[in-house]
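A.B. asks: Encoded as structure tokens, here's the structure I'll be asking about.
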Amino acid sequence: MKLIRYSIVIILLLNFNTSFAQQDNLQTKITKNLRCLICQGQSVYDSDSEFANSLKFLINQKIDDGLNENQIYDYLKDKFGEWILYDPNFSKNTYFLWLLPILIFIIGGAIILKLFILKKN
Amino acid sequence: MKSKIFPLFLLIFFLIIFFIFFKSLQNSNIYVPKSNIDKDIPNFNVKKAGKNNIINSDEIFKNDKFYLMNIWSSWCIPCRDEHPFLMILSRNKNIEIIGLNYKDNSENAKIFLKEMGNPYNIILLDNEGTISIEWGAYGVPETFLIYNKKIIKKIVGPIDEKVLLEIEELI
Amino acid sequence: MASLIGSYSLNLGFCISFLIIFYSVKNFRNSNIFDNKIALLTFLQFFFVIISFLGLILSFVNSDFSNETVFNHSHTTKPLFYKISGTWGNHEGSLLLWLLVLTLFIAIFLLSSKKQTKKYRILTLMFQQIIIIGFFIFIIKTSNPFNYIFPIPNQGLGLNPILQDPALAIHPPILYLGYVGSSIIFSSTLAATTLNDISIDWAKHIKQWVLISWIFLTLGILLGSIWAYYELGWGGFWFWDPVENVSLMPWLALTTLLHCILVLEKKLVLTSWVIVLSISTFTLSMCGTFLVRSGILNSVHTFANDPERGLYILIFLFCLIFLSFFIFFYFHKIENKSINNFFWLSKETSILINNWFMMYFLTVVLIGTIYPIFLEVISSEKISVGPPFYHKLIVPFLIPFLLAMAIGPKLRWIKSNLQNKLYLILYLIISFLLSALIIKSLGISFLLNTVLVSSAFYLFLITIRDFFTKKFKNLSQNIAHFGFSLLILSILFNNFLSTEIITNLKIGETYESEKFKISFENIDKKNEKNFQALIGKFNIENKNGDNESLQPELRIYNQPNIVTSEADIKTNLFTDKFMTMNLVQNQDYFNIRYQIKPLMIWIWFSVLLISFGGLLSFIRKYEK
């Protein structure tokens, strides 16, 4: 019984992935990480504003020119400031942003361990 | 003793949070990039309106002279508001006004200039919007005041009377 | 007229608050039995708020433009349905809705808590009244929905077209039921803390309220997500936008609380933690309201905002925080620590692990949302925190979380052992092999993906097994956990298998790629009451020769004059085909975006399943 169930799941999942292959596109990846300056809640990828369309075009050009992802980010950061990146770099401005959650996770684990598990009366 | 320090610490912590939220209420939530003042102008290749050959920006901007680079388009409504001020400025011989026609249709652009007058010494074409991005612009209209190949002033949005006076003061 | 009545009853409702407080204090001190006058006044207050709300709805229906709110958000040509939903589609009206739900819930609370002690009921009522008074003042002072304008305009300004949508019409009420439900949890926890009455009975009683708010909050978030999917027109369903995060935070806190109360129900431990969670759930809801209404954050979902309102909510929010602080530290007696000893392999420990991870996710979302605000105040640098940040910090932690979610419910209270648990390892191996196979055939050779998919599969398989072996024992928990595994799996495969084409097409042109042929056949025009539509007719032929016709729309709304793009979505069991068309400035071509999004319907379904799990638990409790 179980075997049949699993094989159905496998067949289902394998079936429809033959029709779509992975579209690995650097431009998509970059534009998803850029924030649009016109409609400030959207990514450049999602936005259809003139600015976003131009930026998509420009990024294609830059990729053709042989710039890599980080070079394109640096270029845009220079033009529009760090704000344009959705994925903030690890820098002195963002130490807390990246480390605080991890720190709280570790402290939380330590508290649980100390208060509830390791304590022996 | 220990039990009193913790609440006190929390209290202070929340007061700080309150203060920060309070401060941030006064800030605007709309992001405007810091103006890249005193930066070298970007180097780019561009087409002039009505011509087919591509020229380099070095041929346009000379040292020791004031330029006003204005990004405009016939479909942009605020551009119509600022146009009269550009017309006034175009009478000033100290400054050369360069128009960067942003994603425009050449017919509409011609009609626009016929209706409103042509303040531009040179009109450059930016059909893909990429040159504007090189300049760090993200909308129309935007205007840059240039001297010695450096940006000395940047105006986001239409020029008005106040801005006009500031420009005239500078040159 | 309706507007006037609404205004008067709003003020009357406000006055009743003081009467309630007065009688409550008197009753609390002097008598042993609950004074029915107080209950009566509470219902009367609820009645007045209803009248006031109906007054506002009526003003919207009648397009009474002497009312400022109606003038700003309505228009005579709007269909009746959106006139009504426009009532809560704006700041003032939505606050009135908040107030309505606040008074409704306290009335229900009084009806359903007759078994509880008098003091507890009165105290809860008083704390709730503090919140209600805060909202009354907020509404009357800064955002009165009944402001009068003279001379009376002939026409209103209209409702933002993206809000003219059925999902968004019911999204706010559902979401508020969730938010406001947490206010009852807040008041009741404060009352129980003050009386030092946190007991197993109290836990059973409050669990119902936790479940109610949790169900509504889940559904509210789901509706918002569905709306964003088809209305904002770019095919995503969660953007980690501040406004979305703000609704996710109370949800995370509530989910944690829900699990925590499971422990409290069994034995009286973790009481301080439950109190802190109850307080923070409501505080986070309020904090969300503050962040959204004050306009501190900018987001795709904008509200008309005004710093004065922001300041008011901020002060109110911190008053509540300090009040609960005071009560917590002054009245709460820390529990006897000796019973706090959990065996490492027990259900209690697994719930602690759940709490640990949930709190971590909450911290990530909270810090990600407010960090830019803090940074700007402190260093005046502006940064953005977007999807990549959340993905990087949340996704890896999902793996142990999912595993714990599968194993946790298998453990016994107090002490569990590893006998008869061999199948757990067997399933782990099966799910790992299964996912390795799938990931390999997809051609994304990335270790993280395999591990992630296998942990999701693990939960999936284990919960499926439980449907067969455990039958109806713990069914609600099992359904919810199964739903969660389905959700994660759908999201993952949706991510892996989405395809997209963005191109510019003129009428009559055809775009061809290896996989599809998209032909732009023609454009139709249609006139509706409140908008004009351009309907593009597209034919998509895939390489198997299957044809599909899609008709995205551009809508030019007349009031206010805004162009929106309506996606056309063809949904079936496995994939959504999603197409939007956009105007390009000054060009004769359109920007076309065609997406194939697999398993969308399963994402929605799994969230429904999760909330159904909650509902089942609620009903079972109720029957008992």
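The values are calculated or read from the model by the stated rules, or taken from the named source; none is laboratory data. Every value quoted in this text rests on a predicted model; they were computed, and no experiment measured them. Cβ placement follows ideal geometry from the backbone for every residue including glycine, while neighbour counts extend to all protein chains displayed. All accessible areas refer to the heavy atoms of the entire protein, side chains included, with ligands and DNA or RNA removed. Shrake-Rupley method; radii C 1.70, N 1.55, O 1.52, S 1.80 Å.
A.B. asks: Which residue, of C:Phe18, C:Phe22, C:Phe28, C:Phe46, is in a helix (DSSP H, G or I), at pLDDT 95 or above and either within 30 Å of C:Met126 (Cβ to Cβ) or open to solvent by 50 Å² or more (accessible area, probe 1.4 Å) (or both)?
C.D. replies: The match here is C:Phe46.
A.B. asks: Ok, one more. Quick check on my filter: what residues within segment A:57-76 are within 18 Å of the chain's Cα centre (by Cα) and more than 10 Å from chain B (Cβ to nearest Cβ)?
C.D. replies: A:Asn68, A:Glu69, A:Asn70, A:Gln71, A:Ile72, A:Tyr73, A:Asp74
Matching residues to (1) charged (D, E, K, R); (2) assigned to a helix (DSSP H, G or I); (3) in contact with a helix residue (DSSP H, G or I) (Cβ under 6 Å, 6 or more places away or on another chain):
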| residue | (1), (2), (3) |
| --- | --- |
| C:Phe374 | no, yes, yes |
| C:Leu398 | no, yes, no |
| C:Ala404 | no, yes, yes |
| C:Ile414 | no, no, no |
| C:Asn417 | no, no, no |
| C:Asn420 | no, no, no |
| C:Ala436 | no, yes, yes |
| C:Leu461 | no, yes, yes |
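A.B. asks: In the list C:Lys421, C:Lys473, which residue meets the criterion of being more than 13 Å from chain A (Cβ to nearest Cβ), among the basic types (Lys, Arg) and under 33 Å from the mean Cα position of the chain (by Cα)?
C.D. replies: Of the residues listed, the single one that is more than 13 Å from chain A (Cβ to nearest Cβ), among the basic types (Lys, Arg) and under 33 Å from the mean Cα position of the chain (by Cα) is C:Lys473.
A.B. asks: Which number in (1) without any contact (Cβ under 8 Å) to a residue 60 or more places away in the chain; (2) outside any helix (DSSP H, G or I); (3) open to solvent by 30 Å² or more (accessible area, probe 1.4 Å) marks the one condition that C:Trp240 misses?
C.D. replies: (1)
A.B. asks: Another question, then. Might you let me know whether segment C:478-499 holds any residue that is part of a loop (DSSP other than H, G, I, E, B) and either among the small types (Gly, Ala, Ser) or farther than 30 Å from C:Pro79 by Cα (or both)?
C.D. replies: The answer is yes; a qualifying residue exists.
A.B. asks: Every residue in segment C:311-321 that is touching a Phe, Trp or Tyr at 6+ places or on another chain (Cβ under 7 Å) and either facing chain B (nearest Cβ under 7 Å) or not in a helix (DSSP H, G or I) (or both), please.
C.D. replies: C:Leu314, C:Phe318, C:Ile321
A.B. asks: Cβ-Cβ distance below 8 Å, separation of 6 or more or different chains: which pairs start in segment C:138-165 with a residue that is under 30 Å from C:Cys319 (Cβ atoms) and end on one that is open to solvent by less than 20 Å² (accessible area, probe 1.4 Å) and part of a loop (DSSP other than H, G, I, E, B)?
C.D. replies: C:Ile139/C:Pro145
A.B. asks: Let me ask you something else. For segment C:476-501, how many residues are open to solvent by less than 30 Å² (accessible area, probe 1.4 Å), of a type outside the set (S, T, N, Q) and closer than 16 Å to C:Met405 by Cβ?
C.D. replies: Total meeting the criteria: 9.
For every residue, the table says whether it meets (1) within 12 Å of chain A (Cβ to nearest Cβ); (2) at pLDDT 90 or above.
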{"position": "C:Asp241", "(1), (2)": "yes, no"}
{"position": "C:Lys267", "(1), (2)": "no, no"}
{"position": "C:Asp306", "(1), (2)": "no, no"}
{"position": "C:Arg309", "(1), (2)": "no, no"}
{"position": "C:Leu323", "(1), (2)": "no, yes"}
{"position": "C:Phe328", "(1), (2)": "no, yes"}
{"position": "C:Lys333", "(1), (2)": "no, no"}
{"position": "C:Asn336", "(1), (2)": "yes, no"}
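A.B. asks: Give B:Phe21, B:Phe112, B:Phe9 a once-over and let me know the one that is open to solvent by 20 Å² or more (accessible area, probe 1.4 Å), at pLDDT 85 or above and not in a loop (DSSP other than H, G, I, E, B).
C.D. replies: Exactly one of B:Phe21, B:Phe112, B:Phe9 is open to solvent by 20 Å² or more (accessible area, probe 1.4 Å), at pLDDT 85 or above and not in a loop (DSSP other than H, G, I, E, B), namely B:Phe9.
A.B. asks: Also, I was wondering about something else. Would you say B:Leu100 is at pLDDT 85 or above, away from chain A (no Cβ under 14 Å) and either buried (at least 19 other Cβ atoms within 10 Å of the Cβ) or assigned to a helix (DSSP H, G or I) (or both)?
C.D. replies: No.
A.B. asks: So which residues in segment C:58-82 are touching a Gly at 6+ places or on another chain (Cβ under 9 Å) and assigned to a helix (DSSP H, G or I)?
C.D. replies: Once the filter is applied, which keeps residues that are touching a Gly at 6+ places or on another chain (Cβ under 9 Å) and assigned to a helix (DSSP H, G or I), segment C:58-82 yields C:Leu58, C:Ser59, C:Phe60, C:Thr69, C:Val70, C:Phe71, C:Asn72, C:His73, C:Tyr82.
A.B. asks: Could you list all residues from segment A:40-54 that are away from chain B (no Cβ under 11 Å), of a type outside the set (D, E, K, R) and assigned to a loop (DSSP other than H, G, I, E, B)?
C.D. replies: Hits for segment A:40-54 are A:Gln42, A:Tyr45, A:Ser47.
A.B. asks: Every residue in segment C:185-212 that is among the polar types (S, T, N, Q) and closer than 14 Å to C:His259 by Cα, please.
C.D. replies: C:Gln208 - this is the single residue of segment C:185-212 that is among the polar types (S, T, N, Q) and closer than 14 Å to C:His259 by Cα.
A.B. asks: Further, regarding this structure: It is to be established whether one or more residues within segment B:25-36 are open to solvent by 50 Å² or more (accessible area, probe 1.4 Å) and more than 30 Å from C:Gly295 (Cβ to Cβ).
C.D. replies: No, the conditions are met nowhere in segment B:25-36.
A.B. asks: Shifting gears a bit: Looking at this structure, is C:Ser59 of a type outside the set (Asp, Glu), more than 27 Å from the chain's Cα centre (by Cα), under 29 Å from C:Leu159 (Cβ atoms) and at pLDDT 90 or above?
C.D. replies: Spelling it out, C:Ser59 is indeed of a type outside the set (Asp, Glu), more than 27 Å from the chain's Cα centre (by Cα), under 29 Å from C:Leu159 (Cβ atoms) and at pLDDT 90 or above.
A.B. asks: Could you please let me know if A:Lys92 is facing another protein chain (nearest Cβ under 10 Å) and open to solvent by less than 40 Å² (accessible area, probe 1.4 Å)?
C.D. replies: no
A.B. asks: Part of a helix (DSSP H, G or I) and within 7 Å of chain C (Cβ to nearest Cβ), is that true of A:Trp83?
C.D. replies: Against the criterion (part of a helix (DSSP H, G or I) and within 7 Å of chain C (Cβ to nearest Cβ)), A:Trp83 qualifies.
A.B. asks: Continuing with this model, one more query. Going by the structure shown, is A:Leu113 facing another protein chain (nearest Cβ under 7 Å) and either open to solvent by 50 Å² or more (accessible area, probe 1.4 Å) or modelled with pLDDT of 85 or more (or both)?
C.D. replies: Considered against the rule, which asks whether it is facing another protein chain (nearest Cβ under 7 Å) and either open to solvent by 50 Å² or more (accessible area, probe 1.4 Å) or modelled with pLDDT of 85 or more (or both), A:Leu113 comes out as no.
A.B. asks: Next up: Taking segment B:77-94 as the search range and keeping residues that are open to solvent by 10 Å² or more (accessible area, probe 1.4 Å) and either among the aliphatic types (A, V, I, L, M) or within 14 Å of another protein chain (Cβ to nearest Cβ) (or both), which one is nearest to B:Ile123 (Cα to Cα)?
C.D. replies: My answer is B:Met87.
A.B. asks: Now, a different point. Residues to consider are C:Ile507, C:Ile540, C:Ile562, C:Ile518; find the one that is under 18 Å from C:Asn591 (Cα atoms), more than 11 Å from every other protein chain (Cβ to nearest Cβ) and modelled with pLDDT under 85.
C.D. replies: From the options C:Ile507, C:Ile540, C:Ile562, C:Ile518, the qualifying one is C:Ile562.
A.B. asks: Can you confirm whether segment B:115-125 contains a residue that is in contact with a Lys or Arg (Cβ under 8 Å, 6 or more places away or on another chain) and more than 23 Å from B:Asn45 (Cβ to Cβ)?
C.D. replies: yes
A.B. asks: Next up: Just one of the numbered conditions (1) aromatic (Phe, Trp, Tyr); (2) under 30 Å from C:Phe343 (Cβ atoms); (3) assigned by TED's automatic domain parsing to the domain that holds A:Gln27 is not true of A:Phe105; which one?
C.D. replies: The number of the failed condition is (3).
A.B. asks: In addition: With respect to C:Ala228, is the statement that it is farther than 28 Å from C:Lys333 by Cβ and either in contact with a Phe, Trp or Tyr (Cβ under 8 Å, 6 or more places away or on another chain) or modelled with pLDDT of 90 or more (or both) true?
C.D. replies: For C:Ala228, the condition - farther than 28 Å from C:Lys333 by Cβ and either in contact with a Phe, Trp or Tyr (Cβ under 8 Å, 6 or more places away or on another chain) or modelled with pLDDT of 90 or more (or both) - is met.
A.B. asks: Which condition number does B:Ala137 fail, the rest of (1) in a loop (DSSP other than H, G, I, E, B); (2) open to solvent by 10 Å² or more (accessible area, probe 1.4 Å) being met?
C.D. replies: Checking B:Ala137 against (1) in a loop (DSSP other than H, G, I, E, B); (2) open to solvent by 10 Å² or more (accessible area, probe 1.4 Å), the one that fails is (2).
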